[in-house]
Each structure stands twice: as C-alpha cells, then as structure tokens.
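Each value in this text was obtained by applying a stated rule to the coordinates, not by laboratory testing. All values reported here derive from a predicted model rather than from experimental measurement. As a convention, Cβ positions derive from the backbone with ideal geometry for all residues, glycine included, and neighbour counts pool all protein chains shown.
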Amino acid sequence: MTSHLIILIIAIPLLGAFLLPLLNKFGKRIKYFWLATVLGLTDIFSFFLYLLIIEKGEVVYTLGAKFPLLVSPQGFPIRIILEADALSGFLSFIFLSIIFLIFIYSLKILSNYSFLDKFYVLYLLLTVGILGFLFTGDFFTLFVFYEISSITTAGLIAFFRSEECFKSAFHYLSLFAVGSLFLLFGIGILYSEYGFLNMGIIAKVLQFSFLDKVALSLIASSLLLKAGVFPFYFWKPEAYKVSPISAILLSIISSLSAIYILFRIFLGVFGVNLIFGWILILFSIFSIFMGIFLAIKENNIKKILAYLAISELGYIILGISSGIVMLNNDFGFKAIQGGLFHMVNDILDIGLLFLIIGVVIYITKSKNVLEIRGFGHKYPWLAGFFLLGVFAISGMPPLNGFASKIIIYESVFHLSPVLTIIGILGSILILAILIKIFAIIFLGISPEKYQPVPKTAMAVIFVFAILMISIGLFPGQFTSFFINPAAEALVSQQNYICK
C-alpha cells in the first residue's frame, strides 16, 4: 500500500471528480459526504506519505510498469514517473489540508447556487493539477498538469456566469494558451537536444548550452505566469475580482505549486546559476512593490487582496532566490528556509483575509470597500480575526508571518542590506494599506441589516487563526519537523529522482 501512496493521492480526487456528477441524484448530503471523504482521505494519505519520506527518503513511482519502483540499469526510472521528497511531501500535506478546509468553508457560502456539482468537479480537478505539479518527475506530465490546472482555473473564474466572468475567463485562457506554448517550446528544445523528458536524466547530461538557457527561460516564463508574479502578474487581479473566494484560495495554492516546480527545475535539473538567481531576485522586488502600489488606488476589496497576494509571493521568491545565490554558505540555506516557511504562512495569512472578506461579501453583496461600513459593531469576531490577519501578513510578532519574514530579513541581509530594507519597507506599506481597509470596513456607523455568519465559515476562519498563532508561538518546532527537511530536499538536487 505504501508503495502506491503517490498515485493514490492523485487518483482519488481524479476519480472523485468523475464520479461526482453521478451522485447528484442522491441529494446534497451524499454529494458533500463524497467530497469530504475524497478530500479527507487524500489528505490523510499525503500525511502518511510525508512520514514515509522522513523515514525512508525519496519515493519514486513509475506509471505503467509492472513493478512501480522499477528502474533501469543506470538507475533511472522507466516510463512516466512521479517523485516525492520531503519538500513535495510536506507541501502536498499542507496544501491538501487547506483545500479540505476551503471546501468546508464553501458549504454555506456557495449553497445558494444551483450548479455546484460543476464547481466541485473543477475544484477536484484543479486539486489534481496542483498535486501533479508537486509530484511530477518528467516534463511531459508537467505539461499535462499545467494544462489541467489552467483549464480548470478558467472554469472556476467563469463560475458566476456573468458577462464579466466570461470575459475574464476568456482572457485567462488566451493568456495561458501562450504560457502553454512557452512551456511546450522549452520542453521541445530539451527533448531535441537530449532525447529525454525525464528530469533526472536531463539533469545528468545537461550541458547548459545556449539552447538550454533558452529552454530554461521559456519554462521559467510559463511558470512565473502561472504563479502570477512580476512581470506576469496582470491576470491575477481581474481573475480574483470575479471568482468565488474558494476558487481564489485554490488559485493561490496553484501559484505556490508553480513556484515550487520552478525552483525544483532550477536547482534539480539546471543547477545553480547566479545570473538567473539575480533575475529572480529582481522580479521579487518588483512583485513586492508593484503589488503594493497598485493596491493603493483600488476600491474593490478582492483586487486589493489580489495585489497584496502578489507582494507576498515576492517575499517567497526573494528568500529562495537569495538563498540560491548564497548557496555556498549557511545564510543561503537559511534564506531558503525562510522562503519555504513563508509559502505556508502566505496561504494562511492572505487566506484568512480572503475568508473574512468572503463572509463580508456574502452578507453585504458588495465588493466595493467604500460601500461597506461598521462591520465591527455587530461582527466583533470577524473584526478581531481580520486584524489578526493584518498583523500576521505584515510580519508583526508573535504571529507566523513574523517568524518567516524575520528569517528572510536576517539571511538576505548578508547578500545585501538593501534587500532587507526593501522587505521591511514593503511590510510597513502592506500594514498601512490593510489598516486603512480595516478602518473602513469594520469601524464607523453600524449597518442596519444583520445576518448571521455561516457556522462552517466561522469554524474554518477560527482554525486558520489558531494555526497562525500556533506557528508564530512555536516556530522552532514547526521548522524542525517540516521546513528543515523540505529545505534540505530542495538544495540536495542530486537526490531528486537520481537515486
């Protein structure tokens, strides 16, 4: 059973998506029970997979082979492969846990819509795409999962079926058709040069010629587009503006998985390159400040948070790419730890704010912050949790955002003090923007209309808050069990597929 955990983690939500329409005739309870079972079982399997990796090391699974662990005499897996190490195993468990919580949150928030079966089919398929990014071991499956995640995201953007939704979904599909071509051309260059699609084999024979650099540029561009960071951030605010909150959070996880596979390919296949490392540092700086400055002039609360999500992704890339540039010393490894740590805190912090705003929109039916006033009077818990998210995302102690950002600040200081100053300044500006949003939405005259907050949504918000506080109070325990093995797996590029 343990040897099949990787494929089960991908196959269960895939099977769940295709069987879900057949369960409609049995009513909502059966359908929701099926969804909870699929997502819960997948999450449990991902935790067992992580424990297996910690105990025995990297796991390689070969699709279509009589023996799933079969390798060639040279030590390379045969056929299409999936691979899991401490980093991908850790991220799969964290992401699937969040995806399960998002599903619980959406039960009441989206209950008034009659076509939820289609939404949850896309929800499960996008989950499959995210898992494929985490576990892929060859470029062919990477392209397949890239397409799956792009198409399903477009479907989720169009969920509300308004003209604006369809327009945004069409723009998204058009843009990611170009991204798919970039990825396909980059893969084609590598295949034409070496005759392989297996990442491990290519890593062994790669010469880093001019064509290899072109291939890396094309592949990196497609993945940066998927992540939605500078210079490919422009699709994200418009897509988030019209998407359900559940779809937005799933898209954020998809962006994080794209960052993961970008650095996995960068280190595990192409090896350390200082020029590309500095380019990514430059992109991270622009992502931080472009997100902040564009958020200042916005009134739509979902677009404001979308821009701030772009800024937070900039901190992740800043930490990991700075670590790559400094990989020959201890501070480089520390920076990578900070970047990976912030991947978890990013989905928790920005996720909490989106969850609360989703409840506010559910009650007020308005997305313009200028039309929302005095929520804190009748919803003090929401106000308190929102303020918690504001402090966490701004890196205030003793919350989780501070724990990861202080690691990034301290480590990148040894590369350049300017980078630390930029990071701190960005956090201060984010705090100022969100404090203003908090004052507008939760302070002022109390609203006349009152509607109870959905219990399932409030429970998920509470769980997010508890996780953020717990990680902030006990960062050492969290990093020692999760982050340290994950960072070791990322920098130990020879262990990736090449056993």
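If you add up the charges near residue 403, with Lys and Arg at +1 and Asp and Glu at -1, over every other residue whose beta carbon is less than 14 angstrom from its beta carbon, what do you get? The answer is -1.
Per-residue 3J(HN,Hα) values for the stretch 222-233, derived from phi via the Karplus relation 6.51 cos²θ - 1.76 cosθ + 1.60 with θ = phi - 60°, read 5, 6, 5, 5, 4, 6, x, 10, 4, x, 10, 8 Hz in sequence order (x marks Gly and Pro). Working from label points 7 Å from Cα in the Cα-to-Cβ sense, the residue 117 to residue 7 distance is 3.0 nm.
With respect to the chain, whose longest principal axis is taken over its alpha-carbon atoms, helix 330-364 is tilted by about 30°. Annotation: amide H of residue 81 within the under-5 Å range of 63, 137, 138, sequence separation 5 or more or interchain, hydrogens built in the peptide plane. Residues in the stretch 34-49 carry Karplus couplings, in order, of 5, 5, 4, 5, 4, 5, x, 5, 4, 5, 4, 4, 5, 5, 5, 5 Hz; the curve used is 6.51 cos²θ - 1.76 cosθ + 1.60 with θ = phi - 60°, and Gly or Pro positions show x. Full extension of the chain segment joining residue 54 with residue 191 gains 46.0 nm, where the gain is 0.36 nm per residue of separation less the Cα-Cα distance.
Listed values for the stretch 453-461 are Karplus-derived 3J(HN,Hα) couplings in whole Hz (6.51 cos²θ - 1.76 cosθ + 1.60, θ = phi - 60°), namely 6, x, 4, 5, 5, 5, 5, 5, 4, and x replaces Gly and Pro. For the chain, relative contact order (Cα pairs under 8 Å, six or more residues apart, normalised by length) works out to 15 percent.
For the pair residue 211 and residue 378, label points projected 7 Å from Cα toward Cβ lie 6.7 nm apart.
Between the beta carbons of residue 418 and residue 297, assuming R0 = 25 Å, the FRET efficiency works out to 0.45 to the nearest 0.05.
If R0 is taken as 25 Å, the Cβ-Cβ distance between residue 459 and residue 41 corresponds to a FRET efficiency of 0.75. In straight-distance terms, cross-link reach from residue 56 covers every one of the lysines whose alpha-carbon lies under 24 Å from its own, apart from those fewer than eight places away in the same chain; here that gives 66, 204, 499. Excluding same-chain neighbours fewer than eight residues apart, the lysines reachable from residue 378 by a Cα-Cα span under 23 Å are 108, 302, 365, 367, 436, 449, 455. Tell me the net charge near residue 394. Cut-off is 15 Å between Cβ atoms, residue 394 excluded, with +1 for each Lys or Arg and -1 for each Asp or Glu. Computed value for this residue: -1.
Of (1) 0.93; (2) 0.97; (3) 1.78, which is the value of Cα Rg over 2.2 N^0.38 Å derived from the coordinates here? Calculated Cα Rg over 2.2 N^0.38 Å: the matching label is (1). Farthest towards the positive end of the charge dipole of the stretch 273-499, among the residues 428, 461, 473, is the Cα of 461, using unit charges on the Cβ of Lys, Arg, Asp and Glu.
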